[in-house]
Amino acid sequence: MKSPFNRRHLLRGAGALIALPALESIGFRRFTSAADITPAKPPKRIIFLGIGYGVTSETWFPDINDKGVGYKLPEGLKPLARHKSDFTIVQGCKHHFSRQAHWGSTYWLTGANQYGTPGQSFSNTISADQVAAAQFGEHTRFTSIQLGTDADDRNGHGPGTSLAWDQRGKPLSAWNSLLETYLKLFGADDIPLAQRRAMLAEERSVLDSVLIEAKDMQRGLTKNDTDKLDEYFQSIRDIETRLSKAEKWMDVPKSKAPLEEPDNVLVGRSEIEMMYKLMVAALQTDNTRVITYREPGSRLLRSLGLNGNAHNVSHYRPGAVTEKSSKTRDKAHSELLAGLIDQLKATREADGSRLFDHVALAFGSNIRSIHYLENPPTLITGRGANLKLGQNLVLNEGTPLNNVWLTMLQGVGVNVDRHGDSTGVVKELQG
């Protein structure tokens, strides 16, 4: 390329290569060819799909008295009928610190206390996907992939640009368009290898200089300033580890795309459908093993020919147009999810098994409907975590939702004893 690249360009490029740092201390090794990163057996993957404002409570949830495998599918889940034996609805859970009825995804995977840090009005902790990414991410080009929506369609999701929060409770950025996602995964590296190496070396030099200057400022600072500087140091370390991983993967060619470049004008339903295809492609090519997707709400409604936005529809009234819109949205989500499950079952691994057999997937929201936070919609599918699927599982009221996430994490082989306010695994969900 003829145009020069400065530090800002490099930081943006490095950030695109990974979502979270893969530390040397947990065994990340240098790869020199695509053959080196092909696992001996299919790896485990984990996916979280967040839908913001929730569902139509009266028609999405199975009857709590109709438990087990023989339950009747409610109206909102009927499009998933062909996969009934391969998903479980989990009821009775709650995030005990949940207070924000308009934040359907901010704390969905963390369960954190918003006021958990003294003196701050907002606090968060690590999300379940990033707990998995810390272990799975050392093997893939992208430690994790966060997919999101444009800034004008984030209502109902709350602060953050994705479902993912790092180990310090800081938000991780998302890829917010189909084309961006495709190009990050499969787009050609136009910058010559030698130039990319030189850019990395230059950036390391800049980071070293900044770190030295920051350390010189430490003397005589107040505690508050020291805390701020510590957080700054951690940011510098995060950049360094991102650069390290970028360097390790620099001479490994990107995967050949298993699908055509998407049309970036797709909106709503067709947008979600194509993003699901890109997710499958990312897993199929082992570009990542951890994916989150914060799905559009208002654009989905518009694509379905419905009036109103996601917030208005979430405040539906029985018999009103808003209730009809809410039910139509639920049906669309279930149809799209059924299509994703079809793809996961149809995609074959190198050993001939189905991708579906090595994936654990959660679909839902921190909000049930309207402003209700107890019993949020929680659908679990995929055979990768050895979970008991095909049932309407009704747990004791107030069971920590983090117990479900802990069960999934352990099921896919993540070495973790607890997550957030979890009190243990859900034994009724374990296979």
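The values are calculated or read from the model by the stated rules, or taken from the named source; none is laboratory data. Fair warning: this is a prediction, and the values are worked out from it, not measured in the lab. Positions of Cβ are generated from backbone atoms using ideal geometry, with glycine treated the same way; all protein chains shown enter the neighbour counts.
Taking the stretch 379-431 on its own, how many of its residues are among the small types (Gly, Ala, Ser), surrounded by fewer than 17 Cβ atoms within 10 Å (Cβ to Cβ) and not in a loop (DSSP other than H, G, I, E, B)?
1
Among the numbered conditions (1) surrounded by fewer than 17 Cβ atoms within 10 Å (Cβ to Cβ); (2) over 20 Å from Gly137 (Cα atoms); (3) more than 23 Å from the chain's Cα centre (by Cα), tell me where Asn264 comes up short.
The number of the failed condition is (3).
In the list Ala332, Ala281, Ala338, which residue meets the criterion of being assigned by TED's automatic domain parsing to the domain that holds Pro79, among the hydrophobic types (A, V, I, L, M, F, W, C) and over 18 Å from Pro79 (Cα atoms)?
Ala281
Go through (1) closer than 18 Å to Pro377 by Cβ; (2) within 19 Å of the chain's Cα centre (by Cα); (3) in a helix (DSSP H, G or I) one by one and return the number of the condition His83 breaks.
Result: His83 fails condition (2) only.
Checking the condition within 20 Å of Thr161 (Cβ to Cβ), buried (at least 23 other Cβ atoms within 10 Å of the Cβ), out of contact with any Gly (no Cβ under 9 Å at 6 or more places or on another chain) and touching a residue at least 40 places away in the same chain (Cβ under 8 Å), which residue from Ala133, Ala112 passes?
Ala133
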